[in-house]
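What follows is a single structure, written as C-alpha cells, with notes after it.
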C-alpha cells in the first residue's frame, strides 16, 4: 500500500473509527489513541493490506479488538458520557419539540449505556454506521444469527425502556 | 410516506426485517417530520442515531501523525537497509544451521566411514599413493639392512684375522 492509498482510503475513516471506539470505551482521549494505533497498524501491514477485501471492516475490527484489550486491561465497565452530542439538534420544527426531542435523546443515551456491550456494538454498527449484517459479522466475529439476535434484543430493549420511561417516568 | 407505510416499516424495523434501504427511508422520514404519539419512541431513537452519525473527529493531529509515521517509514534507504539486514540475517541463520547439521552428521558417523571415497577412481589413486609410501619405506629399510650386513661381515673378518694371528703365535 502506498502513501496515496493510505491517505485516500484509510485516513477518511477516522471519524467512524473514533465513534466506534468512543461507543466502547466512553473516553474521548482513549478513543483517539485507538484510532492512532489503527492507522499505525494499517501502515505497518503494508502490502499485506492489498489482500484485505474490505478495509473499513478490517479497521473497525481492529478498533473492536484494541478497545476490548483496553477494557480488560483497565478492568472496568464501558460507559458513554451522557452529554455526548446532545446539543446538536437542528431539525426539530419548534423550540418545544426540540426541547422534547433533546430530553428523549438524553433518555436514549442513558438506556444505551445500560445495554450489554455486544448489543451496543451491533446497534451502533447497524443504526448509526449503516453496516450490513455481513459487515457486522466481519467486524465483531459473530455469525449472522447472533448479530440478528443482539440487534433484535437491543432495539426492543431500547423501545420498551423508552415507553416505560415516558409512561411511568421510570 | 403515508402513516400506513410508516407503521408497516416500523413493524419490520422492530422485528429486524428491514433492509438498509428501508432503514434509510425511516431515517429520512424522522429527519423531516414531527413525531406523533405513536412514533415518539422511534423518533427519539432515530434522532439519537442521527446525532451520533454526525459526530466528527476534528483532531487533525491524528492524521498528521499517521502521515508523518508513514513518510518516515517509506524512505528508500531505510527500506534498503531493512531488506539487506533481513537477507544477511537469513544467510547467517542458514550457515549456522548447516554447520550444526554437518557436525551432528560427523559425530553420528563411525570413524572408519569418514574420509572414505565414493568415487572408485579417486579411491584407486589414493590406494596407489598409500602403497607407494609403504614401498618407499620398505626400500629405505632394505638399504639400512644392507649397511648392517656389510658392517657385520667386516666385524667377522676382523675377528677371524685376530684369531688367526693368535693361533700362529701359539704354534711358534
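Each reported figure results from applying straightforward, stated rules to the coordinates on display, with no laboratory input. Only a predicted model underlies this, so the values are computations on that prediction, with no experimental measurement involved. Neighbour counts are summed over all protein chains in view; Cβ atoms, including those assigned to glycine, are modelled from backbone coordinates with ideal geometry.
Quick rundown of the values:
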item: Spin-label pair residue B:37/residue B:17, simplified geometry with 7 Å Cα→Cβ offset, distance in nm; result: 2.8
item: Calculated FRET efficiency for the pair residue B:108/residue B:67, C-beta based, R₀ 51 Å, to 0.05; result: 0.35
item: Relative contact order [Cα under 8 Å, 6+ residues apart], the stretch A:95-168, whole percent; result: 34
item: The protein assembly as shown: C-alpha pair distances exceeding 30 Å, %; result: 59
item: Number of partner chain Cβ atoms within 10 Å, mean per residue of A:131-137; result: 1
item: Exposure proxy order (Cβ contacts within 10 Å, fewest to most) of A:127, B:50; result: B:50, A:127
item: Average beta carbon contacts from partner chains per residue of B:24-33, 10 Å cutoff; result: 1
item: Spin-label model distance (nm) - residue B:87 vs residue A:74, 7 Å beyond Cα toward Cβ; result: 4.7
item: Calculated FRET efficiency for the pair residue B:4/residue A:41, C-beta based, R₀ 45 Å, to 0.05; result: 0.35
item: Relative contact order of the stretch A:3-67, pairs being alpha-carbon contacts under 8 Å that are 6 or more residues apart, as %; result: 41
item: Per-residue [θ]222 nm for chain B (sum of -39500 (n - 2.57) over DSSP H runs n ≥ 4, rounded to 500); result: -28500 deg cm²/dmol
